[in-house]
Amino acid sequence: MTVSEIDTLPQHYYHKREIYQLESERIFRRHWWLIGPLAQFSKPGDYLGLQLMQWPLLIVRDQLGELRGFYNLCRHRAGPLVDEGNGCRKDFVCRYHGWRYACSGELLKTSGLQDGEIPDPEAMGLLPIRVDSWNGLVFACLDADGESLADWLGDVLDIAQAFPQIENMTYQGEVSKFGDANWKTYGDNSCEGYHVGMVHRALGSSMLRESVKIDNYHNGEFVGFDVDYSGKGEDQSRAGKGFWIYKFPGLLLHFADYAFNAETVFPLSPNRIQLRRWFWVDEAAARAKSVDPDSIRPNSEQVMDEDLDICMRVQRNLESGVYPGGKLSRQQESGTIFFQQQVRRGLGET
């Protein structure tokens, strides 16, 4: 590794709109994004409307039981079909001019048009996007020609086999948090354990620090933290074995012997992010390790809050115009080096 390979990314990468626009086309559009639990699409007609960066999306289970994804816009004049959030419908009616679509995406009716003006329904269906699921989670991808979800996850699939699947756990709900930080500021932070002792004192006290192993995985492009918990210290919500993953560009997975949570980092602007995290727990298995199941989610949220706070402070300094760039430690920040290399590759840099 040369010296240039451990230079930090230039500070303007964290707040210039030109960089963010390049990332939208060259990174965000090409990757898979976790959008939530599969259980929210349990029956035909169940749907979710959401905004993925600048792209309006509609995910739905159609009448034949197939999970489908579309852009949430009418083919007539780009009117919205649904608001953001969950619901259940037998079809979708444009909120602008009343065109009607099946849950499978086909055009059913063009309200108010004469026979000669009706377009070919087969050519005017909803614009599709790719959707797929794994381990009870739903993912969406806007690149029609990109790799499959399984190939994108890579070695994550094998690692997950060592831990309970969420179908055997109790869902504890979702939390959403917003922060004034660039998505890479949060990624830089999440790919190293160097900061844990300073920023996460309760979490750090529960870890057997000498046994933590951090590796960079090229098959799936993620940083993996193989962790053992002492079951002691200030944070009593952790004991036994754990594995943390930061998967480029914005997926976090946290496996434990008795719990699982998954998080998406949604870029909203060059200096704004939304974090959405979903929680599951095996209550009996947690109690068997003397862990209170009700303590797991609040303690995880505390770690999220601590990460957001330090990242927002760093973001303000990055935008100050005085930070000249720094150097990354091969020993302490190998994951951050790996993450920043993926950013450069994604942007087409050599």
Q.
Let me spell it out: the conditions are (1) part of a helix (DSSP H, G or I); (2) buried (at least 18 other Cβ atoms within 10 Å of the Cβ), and Asp294 meets all of them except one. Which number is the exception?
A. (2)
Q) So which pairs qualify, if the first residue must be in the stretch 92-109 and free of Cβ contacts under 8 Å to residues at least 24 places away in the same chain and assigned to a strand (DSSP E or B), the second must be of a type in the set (S, T, N, Q) and open to solvent by 80 Å² or more (accessible area, probe 1.4 Å), the Cβ gap must be under 9 Å, and the two must be at least 6 apart or on different chains? A) none
Q. Out of the stretch 317-332, which residues are at pLDDT below 95 and either touching a Phe, Trp or Tyr at 6+ places or on another chain (Cβ under 6 Å) or on the phi > 0 side of the Ramachandran plot (or both)?
A. Gly321, Gly325, Gln332
Q. When only residues in the stretch 192-239 that are in a loop (DSSP other than H, G, I, E, B) and at pLDDT 95 or above count, which is surrounded by the most Cβ atoms within 10 Å (Cβ to Cβ)?
A. Glu221
Q | When residues of the stretch 110-149 are limited to those that are touching a residue at least 12 places away in the same chain (Cβ under 8 Å) and over 28 Å from Gly87 (Cα atoms), the one surrounded by the fewest Cβ atoms within 10 Å (Cβ to Cβ) | A | Pro119
Q) Can you tell me which of Glu5, Glu23 is closer than 30 Å to Gln331 by Cα and modelled with pLDDT under 95? A) Glu5
Q | Subset of the stretch 281-290 (residues that are at pLDDT below 90 and at negative phi) | A | Lys289
Q) Regarding Ala78, is this residue loosely packed, with under 13 Cβ neighbours inside 10 Å and modelled with pLDDT of 95 or more? A) yes
Q: Identify all residues within the stretch 4-59 that are in contact with a Ser or Thr (Cβ under 8 Å, 6 or more places away or on another chain), over 23 Å from Asp145 (Cα atoms) and crowded, with 20+ Cβ neighbours inside 10 Å; write none if there are none.
A: Tyr14
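Residue-by-condition table, conditions (1) within 27 Å of Gly154 (Cα to Cα); (2) of a type in the set (Val, Ile, Thr); (3) in a strand (DSSP E or B):
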{"position": "Glu23", "(1), (2), (3)": "yes, no, no"}
{"position": "Arg29", "(1), (2), (3)": "yes, no, no"}
{"position": "Gln40", "(1), (2), (3)": "yes, no, no"}
{"position": "Pro44", "(1), (2), (3)": "no, no, no"}
{"position": "Leu50", "(1), (2), (3)": "yes, no, yes"}
{"position": "Leu64", "(1), (2), (3)": "no, no, no"}
{"position": "Arg68", "(1), (2), (3)": "yes, no, yes"}
{"position": "Ala78", "(1), (2), (3)": "no, no, no"}
{"position": "Val82", "(1), (2), (3)": "no, yes, no"}
Q) Among the candidates Asp158, Asp151, Asp143, which residue alone is under 27 Å from Cys74 (Cα atoms) and charged (D, E, K, R)? A) Asp143
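The values are calculated or read from the model by the stated rules, or taken from the named source; none is laboratory data. Computed from a prediction, not measured in an experiment: that's the story for all the values here. Glycine also receives a Cβ, built like all others from the backbone with ideal geometry; neighbour counts cover every protein chain displayed. Areas reflect the complete protein model, heavy atoms only, side chains present, ligands, DNA and RNA absent. Shrake-Rupley method; radii C 1.70, N 1.55, O 1.52, S 1.80 Å.
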